[in-house]
1. Report the gain in length on full extension from LYS134 to ASN42: 0.36 nm times residue separation, minus Cα-Cα distance, nm rounded to one decimal.
2. To make sure I understand, if each residue's beta carbon is the centre and we count other beta carbons within 10 Å, what order do VAL6, VAL60 fall in, fewest to most?
3. From the residues LEU105, ALA81, HIS45, which one has its Cα farthest along the dipole of the range 37-117 in the positive direction, the dipole being from +1 and -1 charges on Cβ of Lys/Arg and Asp/Glu about the Cα centre?
4. Sticking with the crude label model, points 7 Å out along Cα→Cβ, report the distance from LYS147 to GLU91 in nm, one decimal please.
5. Explain nothing, just compute: Karplus ³J(HN,Hα) = 6.51 cos²θ - 1.76 cosθ + 1.60, θ = phi - 60°, for every residue of the range 146-153 in order, whole Hz, x for Gly and Pro.
6. For the chain, what does the equivalent ellipsoid look like in terms of its semi-axes, each the square root of 5 times an eigenvalue of the Cα gyration tensor, given largest first in whole Å?
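None of the figures in this text is laboratory data; all of them are computed from the coordinates on show. It should be emphasised that the depicted structure is a prediction, and the values quoted were computed from it without experimental measurement. Heads up, the Cβs are rebuilt from the backbone with ideal geometry, glycines too, and the neighbour counts pull from every protein chain shown.
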Amino acid sequence: MTRIAVGKIVNVHGIKGVMKFQPLLSSVQNLTRLNPLSDKENKKHFEMTLVGKKGAFWLVSAKGITDRTTAERFKGMDLYADRDKLPQTAEGEFYCCDLMGMEVLVKGEIFGRVVNVPNYGAGVILEIKTNSGKTLDFPFSKTVFPKVDIEHHQIELVLPDDMKGMDA
């Protein structure tokens, strides 16, 4: 079964085990539908409940975590859900894990591979490791990546004018 990162515990809030959660979901309201969430190794499982919002983060509680000291042990932990619990994507929408490892083509030639799909708040970025070993970041937009072929695990990149002709 495939698991997908759905967010990260970034800090704790208060003394009763509430944690600050940074979601990777477009709608965090459905978080409880994804329970149980797990750590990367799928060894620790959490029944999460949405408690509220604090700034850019959502406040969550987890069954069995009732104090700050226990909650602090999970700070920095990425949380995962079973992919089959996530809704189907609409046309032109993708989960980050769908883009990871994709072969990147420029004018039909292999340019590199997608090695990371970060979102620092201004939108999704595709981090590409080129054939020459360079790592380059591009905004994930229809203009820069006009064609995403999930079936063949390939994505087309249109290089900006100042990069055309560069050695991959």
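1. Working: separation 92, 0.36 × 92 = 33.12 nm, distance 3.24 nm.
Taking 0.36 nm per residue and subtracting the Cα distance, the gain is 29.9 nm.
2. On the way: VAL6 22, VAL60 27.
Lowest count first: VAL6, VAL60.
3. HIS45
4. 1.7 nm
5. Going residue by residue, I get x, 9, 10, 10, 4, 4, 9, 6 Hz, with x marking Gly and Pro.
6. On the way: eigenvalues 254, 51, 38 Å².
Output for the chain: semi-axes of 36, 16, 14 Å.
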